[in-house]
Number of protein chains: 2
Amino acid sequence: MYDNFRFKQPIYVTKPILPALKDVNQKLKAIWQSKWLTNHGNMHNELEQKLQAVLKVRNVSVFNNGTIALLTALKALELPVGSEVITTPLTFPATVHCISWNGLQPVFCDTEPESMTIDPERIEELINANTSAILGVHVYGFPCGVEKVQSIADKFDLKVIYDAAHAFSTEINGKGIGTYGDISMFSFHATKLYHTVEGGCLSYKDDQYIDKLYYLRNFGIKNEEQVVDIGINGKMNELQAAIGLLNLELFEQEKQNRRMIKSLYVQNLRELDGVTIPRMPPNVTDSMQYFVIRIDKENFGLSRDELYEDLKKYNVFTRKYFYPLCSEYEPYKALASSATENLTVANRIQSEVLCLPLYGTLGTESAQRICDIIKLIRETRLCLSLEREKLRNF
Amino acid sequence: MYDNFRFKQPIYVTKPILPALKDVNQKLKAIWQSKWLTNHGNMHNELEQKLQAVLKVRNVSVFNNGTIALLTALKALELPVGSEVITTPLTFPATVHCISWNGLQPVFCDTEPESMTIDPERIEELINANTSAILGVHVYGFPCGVEKVQSIADKFDLKVIYDAAHAFSTEINGKGIGTYGDISMFSFHATKLYHTVEGGCLSYKDDQYIDKLYYLRNFGIKNEEQVVDIGINGKMNELQAAIGLLNLELFEQEKQNRRMIKSLYVQNLRELDGVTIPRMPPNVTDSMQYFVIRIDKENFGLSRDELYEDLKKYNVFTRKYFYPLCSEYEPYKALASSATENLTVANRIQSEVLCLPLYGTLGTESAQRICDIIKLIRETRLCLSLEREKLRNF
């Protein structure tokens, strides 16, 4: 039945943008001539400068990847060892791991039903004398309630960190999303709209972090004879920076291409019973990192998991980001804050979300076919259950 | 006076080997075609395989850099939080930072006068109920007393980790140096004989660490629905792996070239009063990572620091690796084990060591000139002090 619609090649949820090889070779030539391969090279510094403008933020420090960036950000904030950091369970595990690896304790807070980000209304009840920070995640590019989070942080003297891995170039009322909180982390992993193969950066408004992060990222070295902090190696090398500089020229076009695919998805799927498409608030620009839908089994006729499995038969590999919740994973499931009753909204969301393929070269034709397949899967399932019911009643 | 001998271009302590750009472009083409830029790609896996043979070890896990590798190794050993790790102060700060960043306590042990590595005779007195591991460093490629260290570890049930950042391809009696201890770390930073721009690996004989390190390096992810450990992102990307594969073809020649320079240095400098050239034991192959000399001010006529400063005037930039000792740095100087009287040998060594330029493209002619400059500096200083003495006696 599905042979006519099935894709010949597997379709995954993303494909990286790639600069032209001749441009890459040109950059490599410059690096080879300088023989300066890493340690705050020219391209590294140029990239930091340019990212400040692109992200509309005051300061940028680039890193070898987003996780090491977040690990370092949490260290820079000098949170007391063993103190608690309130965060969301609906995120990639790296968010929570960075808290734990640094000897801090993650405390899970439920999420808002609409934005799917940490629910500011639920944060206060989790705060105690041992709480040191709030780590919000702009999940799928939907911004946290940044104003509300900040006012809670101010009230209780907490630090605020944002995991903006999905929110490259997102703006709220024309303001870079990386200007909120004390420090924000952006990921430049190959699966991201904008990437440096592996990579990431931190943005922050307070200049006191410029030196602090510089040292922490490079072994705490201040000069040949002074090591002033317990640092690690978080340095982005010149190859990564070169790809990053070239991809700065490409990401806007990629966003355009994704925007077309996204609106085709929306047009096709919004009328389907049981499909909800979370919408970006009108004052927020969409990072085009993901296209996420939510499946309500009752009304859709089949569950998210059933749709996910059926799509595979058509060679379409969607992702259930972020199922399971981080609070369900082995290292965290015993935490008091992981209790299901504490996370009812997030638990519902994780059972409903599905990310569909979204990347420029997918093209609108393939996107249309994916929509048709979804409709076909649904109708087939509905028919079958109708048949079964008939047989039962017969 | 020094204008005739002065180098026109600054001479630094190292310069990276670089594969031909056409070969790099070829590899990039393959990566671009696959669109697989990171996350355990083909080149990543091929490099791990090949390194097992080159390093003569059972298992290899590659990382984005050596520091993240060491940080992960210490996590993999599951040392109790707050426990003590006995290490050497005569090392690059990353060694000690990895202990501290993971919530463990570094305890400094004095070094041997000859090998300059951690002194096994001094380890036992530092062991207490809270000691969990010994972290030795094969500094400048000189192997630690691996047998003695292991017998102490066995006696007290401690883990043994080696920082083999300087010991790529070093063998002891034909056996890969990475086979000693529980886990060894090699660095592939651009300043190393063999490099992947930034990078590193862990080697280990116990197969139980294969999965453990795989998970820790990649967010603890076992599969799409299971996260089994608190991991970070330590993944080497395909660009790094590509450079690594190409440099595997080059490093033996580089070693040859360095060997010629080293023997020229030895011939010229060994007869100078006050210069000691630490010698590799006959059963150990030299990694050719550094050429280190020791300056005894009394007999040489000027101190290591004076020689270092004078060499700069000739555009020769040597390095005082590893001065100051890690125990002297801000984050560690208050530790009980940092007391000078506890580290008398290491303290003497740090005041004497000087690493001279060592890289293949330096060439024997420049190396000869560096030797001549050292002799000239010494004679000039001796003459001047003779003159001064004459004047005093006059």
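Laboratory data are not the source of any read-out in this text; all were calculated from the coordinates shown. Everything numeric in this text was worked out from a predicted model, so none of it was measured. Virtual Cβ from ideal backbone geometry, glycine too; neighbours counted across all protein chains shown.
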- Item | Spin-label model distance (nm) - B:GLN49 vs B:SER34, 7 Å beyond Cα toward Cβ | 1.1 nm
- Item | Nitroxide proxy distance, nm - points 7 Å out along Cα→Cβ at A:GLN256 and A:LYS205 | 3.3 nm
- Note on the structure: From the Cα centre of segment B:87-124 to that of segment B:216-258, the distance in Å is 26 Å
- Please determine, in degrees from 0 to 90 and to the nearest 10, the orientation of helix A:208-217 with respect to the longest principal axis defined by the Cα atoms of chain A, where the helix direction is its Cα long axis. 80 degrees
- Query: What gaps in nm, shortest first, separate A:SER366 from its twins in the other copies when you place the label 7 Å past Cα toward the beta carbon?
  - Reply: 4.9
- Message: Nearest 10 degrees is fine. How inclined is helix A:21-34 to the longest principal axis of chain A, computing both from alpha carbons?
- Response: 20 degrees
- Query: What do you get for Rg/Rh over the protein assembly as shown if you use C-alpha atoms and the Kirkwood form of Rh?
  - Reply: 1.02
- Divide by every residue of chain B the summed helix terms, -39500 (n - 2.57) for each DSSP H run of at least 4, and state the resulting mean residue ellipticity at 222 nm, rounded to the nearest 500 deg cm²/dmol. -12500 deg cm²/dmol
- To two decimal places, what compactness ratio does segment B:172-244 give when its Cα radius of gyration is scaled by 2.2 N^0.38 Å? 1.27
- Message: At R0 = 22 Å, how high is the FRET efficiency between B:LYS313 and B:THR344 if r is their beta carbon distance? Nearest 0.05 is fine.
- Response: 0.10
- Task: Would you please put A:7-20, B:58-71, B:286-299 in order of how densely packed they are, using the mean number of other Cβ atoms within 10 angstrom per residue and starting with the highest?
- Result: B:58-71, B:286-299, A:7-20
- Over 30 Å between alpha carbons, listed pairs A:LYS35/B:LYS212; B:LYS50/B:LYS212; A:LYS8/A:LYS262: A:LYS35/B:LYS212
- So if R0 is 30 Å, what FRET efficiency would B:GLU125 and B:TYR214 give, r being the distance between their Cβ atoms, rounded to the nearest 0.05? 0.20
- Message: Taking the beta-carbon count within 10 Å as an exposure proxy, list B:TRP101, A:TRP32 from fewest neighbours to most.
- Response: A:TRP32, B:TRP101
- Task: Please give the length that would be gained between B:GLU224 and B:ARG392 if that part of the chain were fully extended, namely 0.36 nm times their separation in residues minus their C-alpha to C-alpha distance (nm, one decimal).
- Result: 52.3 nm
- Task: Give me D for chain A in µm² s⁻¹, whole number, from Stokes-Einstein with Rh from the Kirkwood sum over alpha-carbon pairs, 37 °C and 0.692 mPa s.
- Result: 147 µm²/s
- Counting only other chains, what is the mean number of Cβ atoms within 10 angstrom of the Cβ of each residue in peptide A:64-71? 5
- Message: To test your reading of the geometry: what angle, between 0 and 90 degrees and rounded to tens, separates the Cα axis of helix A:251-269 from the longest principal axis of chain A?
- Response: 20 degrees
- Peptide-level mean, for B:25-32, of C-beta atoms on other protein chains within 10 Å: 3
- Go through B:VAL284, B:ASN299, B:SER327 and say which Cα lies farthest out towards the positive end of the charge dipole of chain B; charges sit on Cβ, +1 for Lys and Arg, -1 for Asp and Glu. B:ASN299
- Treating every alpha carbon of segment A:122-167 as one equal point scatterer without solvent, the Debye formula yields log10 I(q)/I(0) values at q = 0.18, 0.21, 0.23, 0.29 Å⁻¹ of -0.52, -0.68, -0.79, -1.08
- Most exposed to least, judged by fewest other Cβ atoms within 10 Å, B:ASP157, A:ASP229, B:ASP372 sort to B:ASP157, B:ASP372, A:ASP229
- Task: Compute the relative contact order of segment A:166-273 as a whole-number percentage, counting only Cα pairs closer than 8 Å that sit 6 or more residues apart in sequence.
- Result: 18 percent
- Message: To the nearest 20 Debye, how big is the dipole of chain A about its Cα centre, given +1 on the beta carbon of each Lys and Arg and -1 on that of each Asp and Glu?
- Response: 1340 debye
- Per-residue average of other protein chain Cβ atoms inside 10 Å, peptide A:218-230 -> 5
- Item | Nitroxide proxy distance, nm - points 7 Å out along Cα→Cβ at A:ASN173 and B:ALA336 | 5.7 nm
- Which percent of Cα-Cα pairs in segment A:251-393 sits in each 5 Å bin, short to long? 2, 9, 16, 19, 17, 14, 11, 8, 4, 1, 0, 0
- Task: Take the eigenvalues of the Cα gyration tensor for segment B:140-281, scale each by 5, and report the square roots as semi-axes in whole Å, largest first.
- Result: 34, 22, 11
- Query: How high is the FRET efficiency between B:PHE7 and A:THR285 when r is their beta carbon distance and R₀ equals 56 Å, given to the nearest 0.05?
  - Reply: 0.55
- Taking alpha-carbon centroids only, segment B:274-349 lies from segment A:11-50 a number of Å equal to 37 Å
- Query: Going toward the positive end of the dipole of the protein assembly as shown, with +1 on Lys and Arg Cβ and -1 on Asp and Glu Cβ, which of B:ILE221, A:LEU79, B:ASN102 do you reach last?
  - Reply: B:ILE221
- Message: For A:CYS355, A:CYS144, which order do you get if you count the other beta carbons within 10 Å of each Cβ and list the fewest first?
- Response: A:CYS355, A:CYS144
- Item | For segment A:184-201, Karplus couplings with θ = phi - 60° (6.51, -1.76, 1.60), whole Hz, Gly/Pro x | 10, 10, 10, 9, 10, 5, 4, 7, 8, 3, 10, 9, 10, 6, 10, x, x, 8
